[in-house]
Amino acid sequence: QVQLVESGGGLVQPGGSLRLSCTASGGFFGSTTMDWYRQAPGKEREFVAMITRTSWTNYSDSVKGRFTISRDNAKNTVYLQMNSLKPEDTAVYYCNLRSYPDVWGQGTQVTVSS
């Protein structure tokens, strides 16, 4: 059974940084694209960033230049380094595997506030 566990969220001031992690279990996922999504209160879940098996990356316009996605295939883990955080980045952050699109973790809460 494939499971995803996100961690690393918290409360941070505007301009601060956080590093999120998501570890997948139940298989080996080095060949699949991995994504980060987020969902703010009252809003739909939205795409944040992706990384392919060859580490090609893409980002939503709202985070481009501030967030960096990376992966460690040996650890089945994807990371999201978030810098220059803004209040509008406040959301629950989720990772997802393209090969298991219906599998979601519990998410990790990121709150950006002074």
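The values are calculated or read from the model by the stated rules, or taken from the named source; none is laboratory data. This is a predicted model, so every value here is computed, not measured. Backbone-built Cβ (ideal geometry, glycine too); neighbour counts: all protein chains shown. Accessible surface areas use protein heavy atoms only, side chains included; no ligands, DNA or RNA. Shrake-Rupley method; radii C 1.70, N 1.55, O 1.52, S 1.80 Å.
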Could you check how much of the accessible area of segment 3-93 is carbon and sulfur, as a whole percent, using a 1.4 Å probe? 48 percent
Quick calc, Ser17 & Arg98: beta-carbon distance into FRET formula, R0 22 Å, rounding 0.05, result 0.20
Let me know the charge dipole size of the chain about its Cα centre in debye, to the nearest 20, where only the beta-carbon of Lys, Arg (+1) and Asp, Glu (-1) is charged. 220 debye
Loop-resident sites, segment 19-114, for GluC sites (Glu not before Pro), counting at most 10 other Cβ within 10 Å (DSSP): Glu44
Averaged per residue, the 1.4 Å probe accessible area of the chain, protein heavy atoms only, in Å², is roughly 52 Å²
At 0.36 nm per residue, minus the direct Cα-Cα distance, what do Gln39 and Asp61 gain on full extension? Give it in nm, one decimal, please. 6.3 nm
Sequence-distant lysines (8 or more away, or on other chains) whose Cα lies within less than 16 Å of Lys64: Lys86
